[in-house]
Each structure stands twice: as structure tokens, then as C-alpha cells.
Amino acid sequence: MSTAVSHVIFDLDGLLLDTEILYDQAIQAVLDPFGHTYTYELKKKLMGRKYHLAMELLRTELQVPLTAEELVEQSMAHLRESFVSCKEKAGVGRLIRHLAAAGIPMCIATGSSSEDFELKTRNHQELLRQMEFTVKSDDPEVRHGKPNPDIFLVAMGRFREPPASPECCLVFEDAPNGVEAARAAGMRCVMVPDPRLEDLPKSDVILKSLEEFNPTEFGLPAFD
């Protein structure tokens, strides 16, 4: 029998908040003058990475005549105007309220920087109040981004009452790089992927939406 889950770690973008379409639109706007299309095949390579590294990969893949820094600057100019209006994904509120009522410690581990995180979550303070803390990509202890396990291992160590082992942590992710990072950390993982995603990485459960999540599969209290 698998170890019961005692702690939960959430990704942010595309999992709790519906920000992925905003990134798609901003990146395409930057690529338009050069005649490039931001395809889903390319997006898959970038998902879950630290943003600067994602833009470096984008520059390399498309040979865009911009530096990674310029790609970040130009795309973020579009994004900062739209982040504050992003919405929660389906099932988020119900799940987080349920886990909070059951006393399950939760946190967010995100590839977003501190500045971007503040913009995205400005209108989601009730969600944040249920989290013990957030680990962001510019945290000095996170030396390597996903798919490396750093961010999840840092998160595990910051809970007020740390879990007995990584297997007691359940990670919710939408991106293959995030799933790989969770597995590399020795944690269990629920994946809620983009429906266009093929060749899904191995995870404990794959869902179409957080509305489908069954807590009892991981030793957590059932929904009322």
C-alpha cells in the first residue's frame, strides 16, 4: 500500500491559474514581426522552465534576431497588462478549501518570478491565504529549474512540520517538466495536462480537470 499523502504542493501557471493562453498570445506577438509561429510543439519544449531559459531556448529554436533578454522584456511588456486579470482553473477553489478544512499543509512551487507572481495572484488572495508559503523561480535556494527537482525539495523542507519523506508529498502539475521534477524529487504527482499534449510522462494520476480529483486515492479525506 502506498504511503498516505500528508502535504500538497501546487504548480501555479496552467494548474491553479489560467495563464498559459496569456503567454501564448504574448510570445506570438513578439514573433509576428519575424514571421514565426509559436506552435504547440515548440511550447511543449518551453513548458515548466524558468522564463529566461525558456526564451533562450525559443531564440535558439527559431533563430530569432533578439537576445533572450530582449525576448523576455518584449513578451513581459504584453504579459504584465494581462496577468492581473487571469482566472482560476476549474475545481481549484473546491479542492483548496477542502484540503484547508482537513488541515493538509499546502504550498505553491512555481517557475514564476516574484514580480510576476505578485501580478498573477493580486486578485487571488483567498487562494494564497490557504498556502503556508510559496517558492518562486528566483528563490536563491532553487539553483536549477524544472525538470530538476530543486524547487520541490526546497518546498518540502520549508513546511512548518516537514513531511516524513518525499513520498508523503503530492505535487499537482500541468507540464511534463514539472511532472519529471516531482518524480525526480521522489514525490507523487497528479498531472492535469493541456488536452493537446501527447506522449504524457508517467504520473500517478492524469486528469482532464481538478474537478475529477479523488482525494481518497492518496489517503486524503473524501469530499463531502
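The values are calculated or read from the model by the stated rules, or taken from the named source; none is laboratory data. As the structure is a computational prediction, the values presented were derived from the model and not from experiment. Cβ atoms come from the backbone with ideal geometry, glycine included; neighbour counts cover every protein chain shown. With ligands, DNA and RNA removed, areas are computed over all heavy atoms of the protein, side chains included. Shrake-Rupley method; radii C 1.70, N 1.55, O 1.52, S 1.80 Å.
Placing a label point 7 Å from the Cα of LYS87 along the Cα-to-Cβ direction, the residues of region 191-217 with a backbone N closer than 16 Å are 209-211. The calculated 222 nm mean residue ellipticity attributable to helices in the chain amounts to -11500 deg cm²/dmol, summing -39500 (n - 2.57) over DSSP H runs of n ≥ 4 and dividing by all residues. Taking label positions 7 Å along the Cα-Cβ direction at both THR3 and SER209, the computed distance is 3.3 nm, reported to one decimal. What does the C-alpha gyration tensor say about the overall shape of region 82-172? Classify as rounded when a/c is under 1.5, otherwise prolate if a/b is larger than b/c, or oblate. In terms of gyration-tensor shape, oblate.
Between ASP32 and LEU200, the distance separating the two model label sites (each 7 Å from Cα on the Cα→Cβ line) works out to 3.4 nm.
Extension gain, GLN125-THR216: 0.36 nm per intervening residue step, less the Cα-Cα distance, totals 30.0 nm.
Here region 139-171 and region 22-45 have alpha carbon centers that stand 31 Å from each other. A DSSP coil position with no more than 13 other Cβ atoms inside 10 Å describes the following GluC sites (Glu not before Pro) in region 152-218: GLU198.
Note on THR39: accessible area is roughly 60 Å² with a 1.4 Å probe, heavy atoms of protein only.
Report for the chain the percent antiparallel among DSSP-assigned beta bridges with both residues inside it, nearest 5. So the antiparallel bridges in the chain amount to around 5 percent. The relative contact order of region 1-88 comes to 35 percent, based on Cα pairs under 8 Å that sit 6 or more residues apart. Here HIS144 sits with roughly 100 square angstrom of accessible surface, probe radius 1.4 Å. Each 10 Å bin from 0 upward holds the following percent of the Cα-Cα pairs of the chain: 8, 34, 37, 16, 4, 0.
Given a 1.4 Å probe and the protein chains as shown, LEU46 ends up with an accessible area of around 10 Å².
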